[in-house]
Protein chains: 4
Amino acid sequence: MTQLESLLAQLHAFRDERDWQQFHNSKDLALAISIEAAEVNELFLWKSAQDVDPVKLRHELADVMSYCLLLADNHAIDLAQAITEKIHLNAHKYPVEKAKGKATKYTDL
Amino acid sequence: MTQLESLLAQLHAFRDERDWQQFHNSKDLALAISIEAAEVNELFLWKSAQDVDPVKLRHELADVMSYCLLLADNHAIDLAQAITEKIHLNAHKYPVEKAKGKATKYTDL
Amino acid sequence: MTQLESLLAQLHAFRDERDWQQFHNSKDLALAISIEAAEVNELFLWKSAQDVDPVKLRHELADVMSYCLLLADNHAIDLAQAITEKIHLNAHKYPVEKAKGKATKYTDL
Amino acid sequence: MTQLESLLAQLHAFRDERDWQQFHNSKDLALAISIEAAEVNELFLWKSAQDVDPVKLRHELADVMSYCLLLADNHAIDLAQAITEKIHLNAHKYPVEKAKGKATKYTDL
């Protein structure tokens, strides 16, 4: 079992004990990702990055990741493979010689 | 090396080849998580969950996860541990006997 | 007709010409607000505030506002009244003597 | 004074009494819009649209609108004009004969 599969198994156990799969349709899981992402951002609001509370950040990031794992599972997506694949795609969109040291979006490079 | 460490190593290699660490302060990484989360949600907009494009979903979820890994790394957060820890915290907030079959927020249980 | 009612009338005309009311259930309109809000934020990503493109900002803010007006209309909410009302509520949550010069959330004041 | 100018004047009075303009740089105001938009969305999470709490919706929409007004003001954007202008732009992107009855993004029409 990979590390992500083991995390997913823990999330499934928690969910199924509470009979919550009925709520976890993909559209609501996507919504949950956004809501948790906003809670990550709220930790930085009106502040500079170094003033973030590291314990709260840890917990909010865990929430974002958990909903990502559950949504990916609804569609049989292997997230580790997907990340590796996306890095390869981005390597084409952002060739080193064009993108080095620049934060420009690929559509404007 | 764990699976998440290996993914992070790939993300670092991609980032460092392009000299992009300079842009990756935590506040902007948090912002990037939200923006990518919105791109996940856009795949569901004006549609029902089953009409989502699975290839686009795969790529957008990979983006959310990638920025989560990079932000966690900025604060030396072990995301696998954090998820396990958060499941335990949620087990207290949402005891099975109270939460079973209900989508109510813990503050209203 | 108030200014907001006139804007809403323009949005309704645009919507009804395209027969789009069928898509504008409140849950999707809320989602649309978030997605447009993320497009506002993308204009600031990896940048400082003064580097924002003012024309793009103008258009993205218009999108956020438009979906707010449409969602409010679905629930017969008078947004001008709601804003005035919320300012009064916030005046209680953030009394001047406690909140002056501080960006602390009311729950931590 | 237009309706939006009057709302902005109320927001400024509230802000200036608390000496909060110092926190209201545009990047953080954009972030605040997203965070409040997520609070609107949280009212719909795991639910269907008709189960939303109308009083909470009223307040959260007021928050989104308030930060939009403050951010627009930072850049001297006339939001009423911007909305009218954006409707005209969208009329070109989504011509009635192509877009009628379809929720397709203009890039895919």
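The values are calculated or read from the model by the stated rules, or taken from the named source; none is laboratory data. Worth saying up front: this structure is predicted, and the values here are computed from it rather than measured. Here the Cβ is made from the backbone with ideal geometry for all residues, glycine too, and neighbour counts use every protein chain on show.
Is it the case that some residue within the range B:50-64 is facing another protein chain (nearest Cβ under 7 Å), under 21 Å from A:Ala13 (Cα atoms) and free of Cβ contacts under 8 Å to residues at least 24 places away in the same chain?
The answer is no, given that none of the residues of the range B:50-64 is facing another protein chain (nearest Cβ under 7 Å), under 21 Å from A:Ala13 (Cα atoms) and free of Cβ contacts under 8 Å to residues at least 24 places away in the same chain.
Of all residues in the range B:1-21, exactly one satisfies the criterion of being more than 7 Å from chain A (Cβ to nearest Cβ) and among the hydroxyl-bearing types (Ser, Thr, Tyr), namely B:Ser6.
Within the range D:32-52, the set of residues being modelled with pLDDT under 95 and of a type in the set (A, V, I, L, M, F, W, C) comprises D:Ala49 only.
Among the candidates C:Lys47, C:Lys86, C:Lys56, the residue that is touching a helix residue (DSSP H, G or I) at 6+ places or on another chain (Cβ under 7 Å) and of a type in the set (Lys, Arg) is uniquely C:Lys86.
Which residue pairs have Cβ atoms closer than 6 Å, lie 6 or more positions apart in sequence or on different chains, and pair a first residue in the range A:1-22 that is closer than 22 Å to B:Ser6 by Cα and touching a residue at least 12 places away in the same chain (Cβ under 8 Å) with a second residue that is acidic (Asp, Glu) and surrounded by 14 or more Cβ atoms within 10 Å (Cβ to Cβ)? Sorted first by the residue in the range A:1-22, then by its partner, the pairs are A:Leu8/A:Asp73. Do we have D:Asp28 as touching a residue at least 24 places away in the same chain (Cβ under 8 Å) and either surrounded by fewer than 20 Cβ atoms within 10 Å (Cβ to Cβ) or closer than 19 Å to A:Asn41 by Cα (or both) here? No; evaluated as a whole, the condition is false for this residue.
Taken together, the residues in the range B:22-48 that are within 12 Å of chain C (Cβ to nearest Cβ) and over 14 Å from the mean Cα position of the chain (by Cα) amount to 13. Looking across the range C:74-89, the residues that are polar (S, T, N, Q) and more than 7 Å from chain D (Cβ to nearest Cβ) come down to C:Asn74, C:Gln81. Residues that are under 19 Å from A:Thr84 (Cβ atoms) and of a type in the set (Asp, Glu) within the range B:1-38 comprise B:Glu5, B:Asp16, B:Glu17, B:Glu36, listed in sequence order. Taken over the range C:90-109, residues that are touching a helix residue (DSSP H, G or I) at 6+ places or on another chain (Cβ under 6 Å) and more than 9 Å from every other protein chain (Cβ to nearest Cβ) amount to 3.
Residue-by-condition table, conditions (1) modelled with pLDDT of 95 or more; (2) among the hydrophobic types (A, V, I, L, M, F, W, C); (3) closer than 15 Å to D:Tyr67 by Cβ; (4) in contact with a Ser or Thr (Cβ under 7 Å, 6 or more places away or on another chain):
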residue: C:Leu7; (1), (2), (3), (4): yes, yes, no, no
residue: C:Leu11; (1), (2), (3), (4): yes, yes, no, yes
residue: C:Gln22; (1), (2), (3), (4): yes, no, no, no
residue: C:Ala30; (1), (2), (3), (4): yes, yes, no, no
residue: C:Pro54; (1), (2), (3), (4): yes, no, no, no
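Picking from residues in the range D:1-21 that are of a type in the set (Asp, Glu) and either within 17 Å of the chain's Cα centre (by Cα) or assigned to a helix (DSSP H, G or I) (or both), the one that is surrounded by the fewest Cβ atoms within 10 Å (Cβ to Cβ) is D:Asp16.
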